[in-house]
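Let me begin by presenting the structure, written as structure tokens, before commenting on it.
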Amino acid sequence: LPAFNEEGGVGDVARGLAAALQGADLAAWELLVVADGYTDKKAAAAEKAGARVVRHPVNMGYGRSLLTGAEAAKHEWLLFLDADGSYRPDEAVGLLAHAAGCDMVVGARQGSLFWGSPSKAALRFIQLKLSAFVAGMPIPDTNSGVRLVRKAALEAYLPVRCYGYSLSTTMTLSFIQQALFVKFVPVSYDPRKGSSKVKMLRDTL
């Protein structure tokens with residue numbers, strides 16, 4: 001879970017994810033929260049929920065937080081999940097059922113909230129069409145905040161390491177272009193807790 005100013009949601013998301021993982025009959029797992037420019041309040045909420053907290057001393061960005069979590073993780077598979085409450089922990093853990101033979105499983109967001117306002121929908125439509133052109137195949141969601149990634153594939157096949165929001169899109173396109181196995185699974189997309197840090201026009205560009 002990458003977290004920057006997510007005090008209102010990180011504890012609930014961490015508890016929900018821990019409960020979903022406990023019910024998944026896994027041999028072993030761990031819950032990591034990367035506190036990006038952490039505050040004691042945010043770190044305490046995550047630790048109280050049972051997470052191991054990895055701290056950035058200063059804010060380094062969403063992509064750097066995901067990579068820090070990947071570096072710190074102990075196991076073969078990485079489950080990335082935003083800490084803002086917009087994804088359902090049980091659906092995130094449900095991606096594990098699709099892991100066989102794959103290098104990455106992406107939760108493809110559904111519904112009107114994914115498309116947003118007309119201006120946001122237009123930008124998203126253009127971005128998805130450009131991404132599909134680059135990849136040579138339709139892509140339902142390039143930058144979903146919930147995805148299951150094989151750690152060895154991330155380490156070997158991510159040629160460009162982006163440290164902002166573009167890491168998710170870069171990861172998706174890089175894996176597809178290098179003929180890795182990427183599967184898209186529909187997931188719900190709920191209203192987030194707190195305010196978004198994404199700037200649609202800037203981050204789309």
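The values are calculated or read from the model by the stated rules, or taken from the named source; none is laboratory data. Values in this document were obtained by computation on a predicted structure and should not be read as measured data. Cβ coordinates were reconstructed from backbone atoms using ideal geometry, including for glycine residues, and neighbour counts include every protein chain displayed.
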- Residue check for residue 139: part of a loop (DSSP other than H, G, I, E, B), touching a residue at least 24 places away in the same chain (Cβ under 8 Å) and not basic (Lys, Arg): yes
- Note on the structure: Within the range 146-184, of all residues that are β-branched (Val, Ile, Thr) and more than 14 Å from the chain's Cα centre (by Cα), the one modelled with the lowest pLDDT is 160
- Message: If I ask for residues that are surrounded by 14 or more Cβ atoms within 10 Å (Cβ to Cβ), more than 17 Å from residue 190 (Cβ to Cβ), modelled with pLDDT of 80 or more and acidic (Asp, Glu), which ones from the range 1-55 would you list?
- Response: 36, 47
- Would you mind stating whether residue 114 is within 30 Å of residue 19 (Cβ to Cβ) and assigned to a helix (DSSP H, G or I)? yes
- Just one of the numbered conditions (1) surrounded by 13 or more Cβ atoms within 10 Å (Cβ to Cβ); (2) among the aromatic types (Phe, Trp, Tyr); (3) farther than 25 Å from residue 79 by Cα is not true of residue 115; which one? (3)
- Task: Filter the range 51-103 for residues that are in a loop (DSSP other than H, G, I, E, B), of a type in the set (Gly, Ala, Ser) and without any contact (Cβ under 8 Å) to a residue 60 or more places away in the chain and give the result.
- Result: 51, 99, 100
- Does residue 90 fit the bill of being surrounded by fewer than 20 Cβ atoms within 10 Å (Cβ to Cβ), of a type in the set (Asp, Glu), under 16 Å from the mean Cα position of the chain (by Cα) and closer than 30 Å to residue 18 by Cβ? yes
